[in-house]
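For reference, the structure discussed in these notes is given below.
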Amino acid sequence: MASNTIDAKLLQKMFLSGAGNLKAKKEWINDLNVFPVPDGDTGTNMTLTIMSAAKEVSALAEPDMASLAKAISSGSLRGARGNSGVILSQLFRGFTKEIKAVEAIDVNVLASAFERAVETAYKAVMKPKEGTILTVAKGAASKASELADVSDNLGEVMRGILEYAEEVLAKTPDMLPVLKEAGVVDSGGQGLVEVLRGAILAYEGNPVALDDETEQSESSAKTSGAGSLDNVEIKFGYCTEFIIMLDKKFDKKDELGFKAYLESIGDSIVCVADDEIVKVHVHTNDPGLAIQKALTFGQLTRMKIDNMREEHNQKVIEAAEAKKAAEAVDTASQAKEAAVEEVSEPKKDEPRKEVGFVTVVAGDGLAEIFGGLGVDYVIEGGQTMNPSTEDILNAVDKVNADTVFVLPNNKNIILAAQQAASIVEDKKIVVIPSKTVPQGITAMFNYEIARSAEENEQAMSEGMSNVKSGEVTYAVRDTSIDGHEIHCNDIMGLGDTGLLAVSHDVKSTVMQMLGAMVDDESELISIYYGSDVNENDADAMVEAVSAEYPGLDVELQRGGQPIYYYIISVE
């Protein structure tokens with residue numbers, strides 16, 4: 001019979017079981033997403049987020065509640081990807097704040113921790129929307145408080161919480177019409193339910209195994225995340241991670257010296273020191289050098305060396321989920337070396353400047369465009385792979401400037417960027433909430449060096465409001481959205497406010513989409529063609545658009561983006 005309290009060792013098992021259950025349901029949760037686009041999505045983002053914490057949690061041999069809380073909170077915070085992942089990390093953050101000072105969790109502590117988790121998550125979202133993971137979390141918290149008042153049986157209380165969370169989840173389509181039309185529940189809410197379910201199974205003695213495959217998936221995603229335009233060209237081929245168990249003093253001077261050494265043999269440095277351990281991550285061509293240096297400080301554990309060239313190729317295939325998408329990503333990866341090296345090369349050796357820029361984008365052509373506009377560092381990602389908070393932190397760290405503007409260029413990356421901004425202490429981070437690549441480009445055009453950071457933030461944000469964005473891709477399953485029946489392999493035109501067009505061919509979709517975007521105020525149409533479109537077809541598309549809209553200027557640029565045939569803006 002299970003105890004009526006949870007100590008740190010049991011909570012560790014419960015957390016890892018929750019992570020294992022989420023991982024097992026990842027693809028199913030991805031399929032719950034409303035838009036049937038060929039991207040890594042909610043299940044992927046939540047799994048990568050919790051796995052970042054699971055690695056930290058697994059490394060604790062004899063956890064107490066304080067060390068476990070720290071591992072869960074910091075691991076998920078830095079590993080958070082996408083809106084669902086950031087919200088999940090904030091739920092963990094609030095929960096662990098409440099439990100870190102106790103020796104064991106009973107029903108009252110559990111109820112308080114759920115309440116604080118929800119409070120923390122809601123504060124992190126500027127405009128909370130009901131019918132989402134937040135609603136499910138709030139329902140679980142209210143049920144936890146209700147049951148804690150009438151029972152001290154922890155097992156019964158947790159089962160009651162899970163059952164009520166499932167009830168709330170089942171009602172999410174009534175709160176968001178788009179869910180009802182697509183015939184799905186909220187994917188983020190489903191992910192949270194699976195974490196709770198896995199944790200309860202461990203409490204009852206039936207934990208869900210967390211296998212090595214998830215760690216490999218996260219490592220692969222990391223390879224195509226922070227600075228992964230660098231990684232695609234693979235300047236440093238081995239992702240090397242280990243923990244140093246210190247056997248002598250490791251002060252700030254030692255830490256700075258060790259980081260400087262790692263920077264001399266690689267990049268993507270993470271070196272986090274505690275009283276007894278140092279966690280190290282570096283991309284290098286000679287892992288032995290990093291290991292030899294680390295051994296001068298103590299013994300090593302949790303050693304892991306991955307060949308990023310092999311992992312990148314595998315991740316490209318997985319992320320595409322179809323041969324067509326995989327080929328698009330492969331082509332983009334092979335084409336981008338020259339443009340990326342100039343844009344994403346670390347600038348730390350240059351004199352510190354007042355202002356720098358980081359942006360998130362997929363495609364060597366788009367990276368080159370942003371580089372020409374003054375961007376210092378490009379994180380490869382976007383709709384096809386949301387970078388984590390730590391990816392953004394690493395990119396910001398490479399820009400040697402007092403103020404760094406971050407342009408996410410995707411609505412699902414804005415929260416992670418804002419979370420990164422809240423962590424950085426040695427420079428000011430300004431997140432420009434660009435939701436699309438055209439918005440990001442327009443924002444950069446509106447930057448003026450003579451303005452203050454505050455004035456530029458306002459001008460860049462206001463400038464984005466004058467651009468309409470559209471993206472053309474293909475559907476990976478049948479569904480119904482905004483009154484449109486969509487079938488697998490249909491061509492979709494997605495706009496700022498939702499689905500704008502559906503047809504069986506790219507040209508028809510582009511024309512339908514532009515018909516919804518162009519108005520009497522429009523002057524310019526900019527077309528960025530992707531890796532799946534050859535130049536001749538792109539030129540023919542420009543001719544067709546110019547003939548349809550003879551009074552507008554039409555510009556064509558190679559974006560090189562995977563999965564999306566065209567990204568189009570109207571201004």
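The values are calculated or read from the model by the stated rules, or taken from the named source; none is laboratory data. What you see is a predicted model; the values in this text were computed from it and never measured. Please note: Cβ atoms are built from the backbone with ideal geometry, for glycine as well, and neighbour counts cover all protein chains shown.
So here's what we get for this one:
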| item | result |
| --- | --- |
| Helices (runs of 4 or more DSSP H) within the range 55-136 that include 2 or more residues closer than 18 Å to V193 by Cβ and hydroxyl-bearing (S, T, Y) | 82-99 |
| Lone unmet requirement of (1) in contact (Cβ under 8 Å) with a residue 40 or more places away in the chain; (2) under 27 Å from V360 (Cβ atoms) for Q458 | (1) |
| Flag for A170 being over 17 Å from Y203 (Cα atoms) and free of Cβ contacts under 8 Å to residues at least 24 places away in the same chain | yes |
| Subset of the range 123-159 (residues that are closer than 30 Å to P433 by Cβ and of a type in the set (S, T, Y)) | T132, T135 |
| Top-ranked residue of the range 120-161 - restricted to ones that are under 22 Å from V86 (Cβ atoms) and either charged (D, E, K, R) or outside the structural domain of D186 (by TED's automatic domain parsing) (or both), ranked as modelled with the highest pLDDT | K138 |
| Close pairs from the range 57-75: first over 15 Å from D7 (Cα atoms), partner among the acidic types (D, E), Cβ under 6 Å, at least 6 apart | A71/E56; G75/E56 |
| Test for V570: is it more than 11 Å from G470 (Cα to Cα) and modelled with pLDDT of 95 or more | no |
| Residue list for the range 531-562, restricted to those being assigned to a loop (DSSP other than H, G, I, E, B) and touching a Gly at 6+ places or on another chain (Cβ under 7 Å) | S531, G559, G560, Q561, P562 |
| Qualifying residue in the range 30-39 (condition: surrounded by 22 or more Cβ atoms within 10 Å (Cβ to Cβ), under 14 Å from the mean Cα position of the chain (by Cα) and under 19 Å from V136 (Cβ atoms)) | no |
| Residue in the range 517-530 that is part of a helix (DSSP H, G or I), over 24 Å from M464 (Cα atoms) and either touching a Lys or Arg at 6+ places or on another chain (Cβ under 7 Å) or not assigned by TED's automatic domain parsing to the domain that holds P438 (or both) present | no |
| Residue in the range 406-420 that is under 16 Å from T44 (Cβ atoms) and among the small types (G, A, S) present | yes |
| Failed item, numbered, when A453 is tested on (1) surrounded by 17 or more Cβ atoms within 10 Å (Cβ to Cβ); (2) within 13 Å of F357 (Cβ to Cβ); (3) not charged (D, E, K, R) | (1) |
| Any hit, the range 261-273, residues being outside any loop (DSSP other than H, G, I, E, B), modelled with pLDDT of 85 or more and more than 17 Å from K398 (Cα to Cα) | no |
| Cβ-Cβ under 8 Å pairs, at least 6 apart or on other chains, the range 173-198 side touching a residue at least 24 places away in the same chain (Cβ under 8 Å), far side among the acidic types (D, E) and part of a helix (DSSP H, G or I) | V193/E166 |
| Matching entry among I369, I379 (being assigned to a strand (DSSP E or B) and touching a residue at least 60 places away in the same chain (Cβ under 8 Å)) | I379 |
| Test: V340 is within 25 Å of V396 (Cβ to Cβ), surrounded by 13 or more Cβ atoms within 10 Å (Cβ to Cβ) and either modelled with pLDDT under 70 or in contact with a helix residue (DSSP H, G or I) (Cβ under 9 Å, 6 or more places away or on another chain) (or both) | yes |
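To keep it simple, each residue is scored yes or no on (1) modelled with pLDDT of 90 or more; (2) surrounded by fewer than 17 Cβ atoms within 10 Å (Cβ to Cβ); (3) closer than 24 Å to L110 by Cα; (4) hydroxyl-bearing (S, T, Y).
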site: V185; (1), (2), (3), (4): no, no, no, no
site: G191; (1), (2), (3), (4): yes, no, yes, no
site: G198; (1), (2), (3), (4): yes, no, yes, no
site: Q216; (1), (2), (3), (4): no, yes, no, no
site: S220; (1), (2), (3), (4): no, no, no, yes
